[in-house]
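Written out below as structure tokens is the structure these notes cover.
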Amino acid sequence: MDNKNERGFSSNIGAIIAAAGGAVGLGNIWRFPYVVGQNGGAAFLLMYVLFILLLGIPVMLSEIIIGRRSQRNLVGAFRTLAPKHKAWMGVGVLGLIVAFIIYSFYSVVAGWTLNYIVLSCNGQLMGKNPAEITQMFSSFTQSSFWPLLYQIVFIGITAIVVILGVKKGIEKSTTILMPLLLLLIIVMCIRSISLPGAEKGIKFLFKADFSKLNADSFLTALGQAFFSLSIGMGALITYGSYIRKEDNLFTTSLCIAGADTLVAILSGIAIFPAVFAFGLNPTSGPSLVYEVLPNVFNSMHYGQLFAIVFFILLAIAALTSTISLLEVVVLWEIEELKWSRRKAAILSSLCIFLIGIGCTLSFGPLQGFKIFDLTIFEFFDQLTAVYLLPIGALLFTIFIGWYLPKTDVYDELSNGGKLKVRYFKYYYFIVRYIAPIALLIVIITNIIFD
Ligand code: PHE
């Protein structure tokens, strides 16, 4: 039997920071601002926060319960908790597949951050007009060699951290990187809101205009909430299995979700005032932070310095998330396939890179290759955020709300009766009825309207 102290995180705060590091990522700083921009701002933000409170936190808590109760990897967790019904293991396998898919497109954008750190350090981003900056972005992403090189470097750095292990690699690196990330983002916020004309951006982010919402924004908000919290694929089952038996799971989930939402809102504050202050367009989509922000840096005092800070921030956020994605797969390989940590990390990283090549090339030579009218990259992004994560979340809530005995759920949340869990009946009601029904509606609507 695993000794919990050897197996997992060394403290509650370590667990919270590592899991928050997994949640806070490109989803918050790259994806969040552009989807908020495309969906009209404040009203969308409000809906996003509601989804986090109503569905996000209960789903997160459910995953963590599955992980900590079983003390196992994604697939082993279901085998341990549902020994008589092997079909549940399929849910774990689905999670593994989703981890591969997300990591393969995520590592493309993560690789871009490295290129932009280099460009901002050597000054190549400065003194360019908006057309030149756009041109730079497209010629870089369309070329094959450099994006692939940066992608594999990023995947390599992630593998090194994961090889170092849970305490020495994951927990240690995230406890250094996350406070740094928070500091850097606060610096960016202060700079952005002190720009002349910043109020427009703040209004865009916080003054709701509900007429801008439609059914599509509803689904996008839910997908964004799940993607950003890293829920629906079992990353938190894996990290949950590392949480110590004496830690309070409810407060742990609140802290992770709180940190994730805070960083998303802070990145909105760092980006929109600057975008509006320079009269740029918030609806430009996935290239927002790469094409729009360099213009902002260009027109700022000490712009080069802020560009360097920003892209390092983006790389750190991405790294703590790719670590969590890789760890999901690696723990499965260690426990189920009996591979060593090193072998697991190296082989999975290579495999992810192979799939990732298709995603990178979908900006260049494979641009014309479309699946349902989407490039490979867009298809993977949509497939996971809009379909697979809600489906995963649905299955996790059914498992907790309908399969696992209620007394087990209570036992895990109360640490064997030691903690008071006054919220239990609300939580249980949500995972048993509200969340599955809401998720089913979302999934069905998605299938019908797409
Ligand atoms: N939550 C991460 C982010 O916001 C992305 C992610 C999704 C990571 C799912 C792991 C699992 O960047």
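The values are calculated or read from the model by the stated rules, or taken from the named source; none is laboratory data. Note that this is a predicted model, so its numbers are computed, not measured. Don't worry about glycine lacking a Cβ; one is built from the backbone with ideal geometry, like all the others, and counts go over all protein chains shown. These area figures cover heavy atoms from the full protein model, side chains too; ligands, DNA and RNA do not enter into them. Shrake-Rupley method; radii C 1.70, N 1.55, O 1.52, S 1.80 Å.
Kindly check whether there is at least one residue in region 105-118 that is surrounded by fewer than 18 Cβ atoms within 10 Å (Cβ to Cβ) and away from the ligand (no atom under 16 Å from the Cβ).
Taking region 105-118 as the starting set, the residues that turn out to be surrounded by fewer than 18 Cβ atoms within 10 Å (Cβ to Cβ) are 118.
After this cut, where a residue has to be away from the ligand (no atom under 16 Å from the Cβ) as well, the list is 118.
Checked region 105-118: at least one residue is surrounded by fewer than 18 Cβ atoms within 10 Å (Cβ to Cβ) and away from the ligand (no atom under 16 Å from the Cβ).
What helices (runs of 4 or more DSSP H), lying completely within region 224-342, carry at least 2 residues that are touching a Ser or Thr at 6+ places or on another chain (Cβ under 6 Å), over 20 Å from Phe100 (Cβ atoms) and more than 16 Å from the ligand (Cβ to nearest atom)?
Values: elements: 235-240, 249-277, 293-298, 303-336.
Those helices (runs of 4 or more DSSP H) span 249-277, 303-336.
Determine, yes or no, whether Val118 is of a type in the set (Val, Ile, Thr), under 26 Å from Ala345 (Cβ atoms) and under 20 Å from the mean Cα position of the chain (by Cα). Show your work before the answer.
On the way: of a type in the set (Val, Ile, Thr): yes; under 26 Å from Ala345 (Cβ atoms): yes; under 20 Å from the mean Cα position of the chain (by Cα): no.
Criteria not met by Val118.
Name the residues in region 11-23 that are modelled with pLDDT under 95 and either within 12 Å of the ligand (Cβ to nearest atom) or within 24 Å of Phe44 (Cβ to Cβ) (or both), would you?
Start the filter on region 11-23 by keeping residues that are modelled with pLDDT under 95, which leaves 11-22.
Matches in region 11-23: Ala19, Ala20, Gly21, Gly22.
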I need every pair where a residue in region 373-397 that is of a type in the set (D, E, K, R) has its Cβ under 7 Å from the Cβ of a residue that is modelled with pLDDT of 95 or more and crowded, with 22+ Cβ neighbours inside 10 Å, sequence separation at least 6 or different chains. Asp381/Phe105
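I need the full set of residues from region 416-448 which are closer than 19 Å to Phe250 by Cα and surrounded by 14 or more Cβ atoms within 10 Å (Cβ to Cβ), in order please.
If we filter region 416-448 for residues that are closer than 19 Å to Phe250 by Cα, which is where we start, we get 416-432, 434-435.
Within region 416-448, Leu419, Val421, Phe424, Tyr427, Tyr428, Ile430, Val431, Arg432, Ile434, Ala435 meet the criteria.
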From the list Ile176, Ile185, Ile202, Ile163, which residue is surrounded by 16 or more Cβ atoms within 10 Å (Cβ to Cβ) and closer than 20 Å to Ile308 by Cβ? Ile185
Consider Ser324 carefully, then state whether it is over 18 Å from the mean Cα position of the chain (by Cα) and hydroxyl-bearing (Ser, Thr, Tyr). no
Residue pairs meeting the criteria (Cβ under 9 Å; at least 6 apart or on separate chains; first farther than 12 Å from Leu293 by Cα, in region 121-135; second assigned to a loop (DSSP other than H, G, I, E, B)): Gln135/Lys128
Is there a residue being closer than 18 Å to Gly197 by Cβ, touching a residue at least 24 places away in the same chain (Cβ under 8 Å) and of a type outside the set (Val, Ile, Thr) anywhere in region 233-243? no
Under 7 Å between Cβ atoms, which residue pairs at least 6 apart in sequence (or on different chains) link something in region 81-102 that is without any contact (Cβ under 8 Å) to a residue 24 or more places away in the chain with a partner that is crowded, with 19+ Cβ neighbours inside 10 Å? Met89/Val75; Met89/Phe78; Val93/Val75
For region 377-390, how many residues are away from the ligand (no atom under 13 Å from the Cβ), under 17 Å from Thr141 (Cβ atoms) and either outside any helix (DSSP H, G or I) or open to solvent by 20 Å² or more (accessible area, probe 1.4 Å) (or both)? 2
Scan (1) buried (at least 18 other Cβ atoms within 10 Å of the Cβ); (2) at pLDDT below 95 for the single condition Gly123 breaks and write down its number. (1)
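I want to confirm something. Restricting to region 205-223 and keeping residues that are small (Gly, Ala, Ser) and open to solvent by less than 20 Å² (accessible area, probe 1.4 Å), which single residue is farthest from the ligand (Cβ to nearest atom)? Before the answer, list the steps.
Going residue by residue through region 205-223, those that are small (Gly, Ala, Ser) are 208, 211, 215, 217, 221, 223.
With open to solvent by less than 20 Å² (accessible area, probe 1.4 Å) added as a condition, the list becomes 217, 221, 223.
Numbers: Ser217: 19, Ala221: 14, Gly223: 11 Å.
Restricting to residues being small (Gly, Ala, Ser) and open to solvent by less than 20 Å² (accessible area, probe 1.4 Å), the top hit is Ser217.
Checking the structure you have, find out if any residue of region 210-223 is closer than 30 Å to Lys418 by Cα, among the polar types (S, T, N, Q) and assigned to a helix (DSSP H, G or I).
Looking only at region 210-223, we keep the residues that are closer than 30 Å to Lys418 by Cα, and these are none.
No, because not a single residue in region 210-223 is closer than 30 Å to Lys418 by Cα, among the polar types (S, T, N, Q) and assigned to a helix (DSSP H, G or I).
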Taking region 343-375 as the region of interest, how many residues are in a helix (DSSP H, G or I), more than 23 Å from the chain's Cα centre (by Cα) and among the small types (Gly, Ala, Ser)? 0
Go through region 58-115 and give me each residue that's under 16 Å from the mean Cα position of the chain (by Cα) and among the aromatic types (Phe, Trp, Tyr). Phe100, Tyr103, Phe105, Tyr106
